[in-house]
Amino acid sequence: MEKAIKQLASAVKKVAENLKDVMETVNFMKDRMVTKSELKESEDRVKTELKKTEDRLRSEFHQEISEAKDDLRRVTKDTVQMAKDEVLEAIHPTEKAVDKDSVTLVDHGRRLVRIEKHLAL
């Protein structure tokens, strides 16, 4: 009987050790696990932050587009024409060339203007 009591005590001791290990594992998991409501709250916070970030980026994007459109409106057809005229004045020749062996005057300016118009400058 004494032997059976020792075996029973040994078994109870092993069960107690195993129970202690199980309880430590349960407590470890309980500390690190989240409930469904905590997970939902966390998901809602993430969605809210993403929405705020999306709205901010969308607003900045629309502002940049608006500024770009304003810049494009400033460049009008008249501005482009004035720039073309300035370029043409700068490259337009001021004198005509005379071939010393002939009587023909060669107007290089006319040729340049024709080339420039052909190239749509």
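The values are calculated or read from the model by the stated rules, or taken from the named source; none is laboratory data. Keep in mind that this is a model prediction, so the values were computed, not measured. Cβ sites come from the backbone with ideal geometry, for glycine too, and all protein chains shown count toward neighbours.
Here are a few things to note about the model shown:
- Among the residues of region 57-101, the ones that are of a type in the set (S, T, N, Q), surrounded by 10 or more Cβ atoms within 10 Å (Cβ to Cβ) and at pLDDT below 75 come to 1 in all.
- Residue match in region 37-46 (condition: at pLDDT below 85 and not acidic (Asp, Glu)): yes
- Output for region 5-45, where each listed residue is hydrophobic (A, V, I, L, M, F, W, C) and either surrounded by fewer than 10 Cβ atoms within 10 Å (Cβ to Cβ) or touching a Ser or Thr at 6+ places or on another chain (Cβ under 6 Å) (or both): ILE5, MET29, MET33
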